[in-house]
Structure formats: C-alpha cells, structure tokens
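All of the numbers you see were taken from the coordinates with simple rules; none came from a lab. Bear in mind that the values here come from a model prediction, so they are computed numbers and not experimental data. All Cβ positions, glycine included, derive from the backbone under ideal geometry; neighbour counts span all protein chains shown.
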Amino acid sequence: MKKESAINRYQVAGQLEVLFGSRAAAYTLLYIESQGSGYASQIAETFDMSLNGAQQQLRKFEAEGVLVGYTVGRTRVFEFNPRGVTVRNLRRFLASELEYLASESSGLPAEVYRQYFSPRQRPRRSGKPLTPVPERLMK
C-alpha cells in the first residue's frame with residue numbers, strides 16, 4: 001500500500017479539489033505556480049501521486065491553453081501560458097492560496113510547506129552548461 005503524502009494530512013486541497021475537479025489538478029497547478037515550471041514525474045514524485053494522473057492533468061491543462069509545454073531532451077516541461085488573460089487571474093488566485101498556505105493561520109507546518117511549495121534553491125554546479133531557453137519563450 002502506498003504511504004500517504006504528508007501534505008494530504010493537512011487537507012490542503014479540499015476546496016481547491018472541488019474547484020479544479022480533482023486533488024491532482026489542484027496540486028499540479030499549485031506546483032507549477034510555486035516552481036515556475038514542472039514536468040509530470042517531478043510533480044507525481046513530489047505529491048506521491050501516480051505518474052499517469054500527473055500526465056493527464058498536464059495534458060488537459062495544455063489542451064485548454066492554461067499551460068504551455070516544450071521539450072527539453074526527452075522531458076516535456078510545462079509552465080503557465082503567458083498570453084492567457086484568464087491564466088493571469090488564475091495565477092493571482094493560486095499565488096494568494098500559496099501565500100495563505102505559507103501563513104501560520106493555514107495550520108500547515110512551515111517544513112511541510114517548504115517541502116512541497118518552496119522554489120528550488122540549490123546552486124548550479126560550477127561549469128555546468130546552461131540548457132538553452134526555447135526561442136518562443138524569449139519574447
């Protein structure tokens with residue numbers, strides 16, 4: 001039996017689950033808002049959910065124009081569609097949800113928040129080549 005994700009104990013996605021249709025959808029959007037971008041296996045591993053569930057959510061959001069995806073090597077990376085007006089409003093909403101989750105009044109311990117929603121802070125290895133940014137994202 002799969003162990004329960006620590007974040008599920010705190011009922012973080014309860015109302016968001018109702019709004020977005022599933023816990024996987026809520027976690028996927030919160031993850032991409034907090035990290036800036038993400039890919040299916042990364043999201044699935046973070047929230048202890050199935051890879052197929054994360055892939056389905058990402059494909060659904062890409063098909064509707066909420067997310068845009070691009071390939072880096074063999075990995076499909078997703079981020080919010082910068083051209084969508086509705087997406088801008090959605091991002092404001094998600095940012096306010098993340099701000100609430102970071103506050104003490106949410107009941108979510110700071111270490112759990114950092115584990116799931118804090119942006120990656122590891123330094124880049126010296127001499128490691130930078131992955132080129134796709135031209136369409138440079139605009």
Checklist entry - How big is the C-alpha Rg of the range 9-106 next to the rule-of-thumb value 2.2 N^0.38 Å, as a ratio? => result 1.04
Checklist entry - Residue-wise, which Karplus ³J(HN,Hα) couplings in Hz belong to the range 86-92, taking 6.51 cos²θ - 1.76 cosθ + 1.60, θ = phi - 60°, and x for glycine or proline? => result 4, 5, 4, 5, 4, 5, 4
Item to check | Shape call, the range 64-107: gyration tensor on alpha carbons, a/c limit 1.5 | outcome: oblate
Checklist entry - HN-Hα J couplings of the range 54-61 from phi, Karplus 6.51/-1.76/1.60, θ = phi - 60°, integer Hz, Gly and Pro as x? => result 5, 4, 4, 5, 4, 4, 4, 5
Checklist outcome for this item: residue 99 and residue 45 label points (each 7 Å along its Cα→Cβ direction) are spaced in nm at 3.2
